[in-house]
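J.: Dropping the structure in here first, questions after.
The values are calculated or read from the model by the stated rules, or taken from the named source; none is laboratory data. None of these values were measured; they are calculated from a predicted model. Cβ placement follows ideal geometry from the backbone for every residue including glycine, while neighbour counts extend to all protein chains displayed.
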Amino acid sequence: MDIHKILTKLPHRYPFLLVDRVLEIDKGKSIKALKNVTINEPFFQGHFPYRPVMPGVLMLEALAQAAALLAFDAMDSGATEDTVYYFAGMEGVRFKRPVEPGDQLILEATLLRSKSGIFKFQTRALVDGTVVVEAELTCAFRKIA
């Protein structure tokens, strides 16, 4: 799935869209996506000017966006003006090493279960085959009143 298709599925836009491409998707089961981390990212100006490091919360957001693409694909839908996809929880978050400009972040999410618009995923992100962060994420798909 290229960036044009991603933009039809996710409501996020620059500078908050953190998935550049979907590499693999197994409908309703798992996804592998890519985030190219470049020195031009706006957060690197302040995190940290002397040693740029991608903030951990943004790595988790990138994983949640990849997980959202998996959920939307499973439901044969995408974000609309009357729906929203929220973070509902994070468990077992572990950061293994910093992510720096020039890294390619491979985002992986496996759907553990879904019920009534609540989705639970096992996720991890890798750089050069090494896990840099892992977490169990819970997200909720809701209609806006």
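Residues are listed down the side, and each one gets a yes or a no for (1) touching a residue at least 12 places away in the same chain (Cβ under 8 Å); (2) within 19 Å of L23 (Cα to Cα); (3) crowded, with 18+ Cβ neighbours inside 10 Å:
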position: Q65; (1), (2), (3): yes, yes, yes
position: A71; (1), (2), (3): yes, yes, yes
position: G92; (1), (2), (3): yes, no, no
position: Q104; (1), (2), (3): yes, yes, no
position: V131; (1), (2), (3): yes, yes, no
position: T138; (1), (2), (3): yes, no, yes
position: A145; (1), (2), (3): no, no, no
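J.: Only one of (1) in contact with a His (Cβ under 8 Å, 6 or more places away or on another chain); (2) of a type in the set (S, T, N, Q); (3) modelled with pLDDT under 95 fails for S77. Which number is that?
T.: All conditions are met except number (1).
J.: Right, something else. Could you pull out the residue among G89, G78 that is of a type outside the set (A, V, I, L, M) and either in a loop (DSSP other than H, G, I, E, B) or over 15 Å from the mean Cα position of the chain (by Cα) (or both)?
T.: The unique qualifying residue is G78.
J.: What number of residues in the range 18-46 are free of Cβ contacts under 8 Å to residues at least 12 places away in the same chain and either in contact with a strand residue (DSSP E or B) (Cβ under 7 Å, 6 or more places away or on another chain) or surrounded by 12 or more Cβ atoms within 10 Å (Cβ to Cβ) (or both)?
T.: Within the range 18-46, residues that are free of Cβ contacts under 8 Å to residues at least 12 places away in the same chain and either in contact with a strand residue (DSSP E or B) (Cβ under 7 Å, 6 or more places away or on another chain) or surrounded by 12 or more Cβ atoms within 10 Å (Cβ to Cβ) (or both) number 2.
J.: Got a number for residues in the range 1-15 being part of a loop (DSSP other than H, G, I, E, B), surrounded by fewer than 17 Cβ atoms within 10 Å (Cβ to Cβ) and at pLDDT below 95? Even if it seems obvious, please write down each step before you answer.
T.: So the first thing to find is which residues in the range 1-15 are part of a loop (DSSP other than H, G, I, E, B), and the list is 1-2, 10-15.
From the residues that got through so far, the ones that are surrounded by fewer than 17 Cβ atoms within 10 Å (Cβ to Cβ) too are 2, 11, 13-15.
Pick out the ones that are also at pLDDT below 95 and you get 11, 13-15.
Matching residues across the range 1-15 total 4.
J.: For V53, are the conditions met, namely being under 23 Å from K120 (Cα atoms), β-branched (V, I, T) and touching a residue at least 40 places away in the same chain (Cβ under 8 Å)?
T.: For V53, the condition - under 23 Å from K120 (Cα atoms), β-branched (V, I, T) and touching a residue at least 40 places away in the same chain (Cβ under 8 Å) - is not met.
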